[in-house]
Amino acid sequence: MTKRIFKAILAVALSMLLLCTALIIGVLYEYFGNQFSSQLASSAAYIAQGVENEGMSYFENLHKGSSRITWVDKDGTVIYDSIAEVSALENHKDREEIKQAFENSTGKSYRYSNTLAEKTLNYAVKLKDGSVLRVSSSQYSIFMLILGMLQPILIILIIVVTLSGAIAYKVSKQVVKPINEIDLEHPEYASAYEELTPFLRRITYQNRQIKSQMDELRRQQQEFSTITENMSEGFLIIDSKTNILSHNSSALKLLDVNGEVGNQSVLTLNRSEEFRKAIDLALKGEHNQQKMRINHSFYHIFANPVYQGDNLVGAVLVIMDITEKEERENLRREFTANVSHELKTPLTSISGFAEIIKNGIAKQEDIPGFAVNIYNEAQRLITLVEDIIKLSQLDENSVPFEKEPVDLLQIVYTVSSYLRPAAEKRNISLDIEGQPVQVLGVSKILEEMVYNLCDNAIKYNKDKGKVCISLSEERGAVKLTVSDTGIGIPYSLRERVFERFYRVDKSHSKEIGGTGLGLSIVKHGAAFHGASIYLKSKPDKGTVITINFPPLL
């Protein structure tokens, strides 16, 4: 603004300076020119009078001064010249001022020098004898006058520039100060210039628009952040150079990245081949999905390119945790393999015994023994199928019974009566402690759970060992504890004992019997009843399994 004000003031000042200079020079030049012309006419008339009275002798006593005097005869021949030799001068009959004098008694003309530095004024008077007397005098031209005034003009110009700069600085400071003091957040309260009122109104309107748009953007950003932060899936937005533009916390958690990530390459988060491939294909414009593994977890990556018009500007990555799905798939395959194995063994035995009898190879006295083996293997198959059906019902939550209050102590006594013969056969004591307590559940499933816990406590116990079943109640919550003095479970295998078909002691699994689904049924039965399971065990010291049932409402 200072520059603009300075230029404006300087332009006005220079314009006025030039205009005034031109006007003054023009007026003075015209005035002094007229004065000069009058004086020259008076001098010519005075000299003409003297020449008419005295003739050529008048010139002898005449002070020549700065004017040139020329006397021209009627035929244009120069009779006398105060400066040049008469013989060297040409005929003057055709000179403008001479011609005018011959015709009108007086004549006047102007002539400029070749450099335009001087202007010569010629004034001619016709004498009584018909000759013409001319007086000539020179004066400086306007151009020379301007050159003569150049120095004072330059001094004035310097003064004008200096004053213009000082005034421009002061004026701009005074003009800008009220503008700088305007509160742009609340321009409607500003007391600036009246001319700024439309501008301030427009700023106020735009502030309201911007505020409204910013509020909307913040709301949308908040919604977006809320949605993405509450997603279990990882979410990443990258540009065409793989730099991270946006992400949610789930993405960092799934990729096992600690701390915040700035505007860095997404490839620094994970350098696996599958992750790089997903990003490379997406940034080439291909929708793709990859499966990768991090530690013990499995993830599915969906990578989609992002276009702005026809230009690819980045990609969106969605990372899904499919560990549970993979574990279920592995469990399904393992379950299928285990079921096939468990079914194949008794079926092979049954088929073998039946084939021997069919072919008549078996002796008559061996047939009852073969029949017993076939019956036992068939019962083993039936038990296995029943256990699989129970697990399937518990998995799908399709148990065909309604929950009702059940006396858990009565179930414990019933189960112990079934298992007491097996315990006594190995001199294992079976003790029951506690008082009658009720839980909300399905009697058949609860009985199956207690049976499997006690059966395992007896099977994996030592001869002359001890099994204790205790029940207690605290604040309505029921605790069922089955402890034994058996072989125990190594710490590393405690979680696996609840897997289907898993056995701690595989070498004696055939001798011990069972389907390997007992503790898996206990686990799923507890989940069905909303109960929690805790296991404590030491090798060769025994195992304690506790089930905590929720209060009966």
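Side notes on the structure shown:
- Residue check for residue 253: under 16 Å from residue 317 (Cα atoms), part of a loop (DSSP other than H, G, I, E, B), of a type in the set (D, E, K, R) and open to solvent by 40 Å² or more (accessible area, probe 1.4 Å): no
- Residue check for residue 278: in a helix (DSSP H, G or I) and open to solvent by less than 50 Å² (accessible area, probe 1.4 Å): yes
- Count of residues meeting criterion [hydroxyl-bearing (Ser, Thr, Tyr) and in a loop (DSSP other than H, G, I, E, B)] in region 76-131: 6
- Only a single criterion out of (1) touching a helix residue (DSSP H, G or I) at 6+ places or on another chain (Cβ under 9 Å); (2) exposed (fewer than 10 other Cβ atoms within 10 Å of the Cβ) is not satisfied by residue 169, namely (2).
- Residues (under 14 Å from residue 316 (Cα atoms) and either in a strand (DSSP E or B) or among the hydrophobic types (A, V, I, L, M, F, W, C) (or both)) located in region 281-299: 281, 282, 283, 288, 289, 290
- Selection status of residue 40, modelled with pLDDT of 75 or more, under 30 Å from residue 80 (Cβ atoms) and open to solvent by less than 60 Å² (accessible area, probe 1.4 Å): yes
- Any hit, region 221-234, residues being over 30 Å from residue 291 (Cα atoms) and either in contact (Cβ under 8 Å) with a residue 40 or more places away in the chain or open to solvent by 50 Å² or more (accessible area, probe 1.4 Å) (or both): yes
- Flag if residue 216 is assigned to a helix (DSSP H, G or I), at pLDDT 75 or above, among the acidic types (Asp, Glu) and open to solvent by less than 80 Å² (accessible area, probe 1.4 Å): yes
- When residue 355 is tested against the conditions (1) open to solvent by 70 Å² or more (accessible area, probe 1.4 Å); (2) within 30 Å of residue 282 (Cα to Cα); (3) at pLDDT 75 or above, the lone failure is (2).
- Residues of region 257-267 that are open to solvent by 50 Å² or more (accessible area, probe 1.4 Å) and in contact with a strand residue (DSSP E or B) (Cβ under 9 Å, 6 or more places away or on another chain): 263, 264.
The values are calculated or read from the model by the stated rules, or taken from the named source; none is laboratory data. Since we're looking at a predicted model, the values are computed, not measured. Every residue, glycine as well, gets a Cβ built from its backbone with ideal geometry; the counts of neighbours run over all protein chains shown. Note: areas computed on protein heavy atoms with side chains; ligands, DNA, RNA excluded. Shrake-Rupley method; radii C 1.70, N 1.55, O 1.52, S 1.80 Å.
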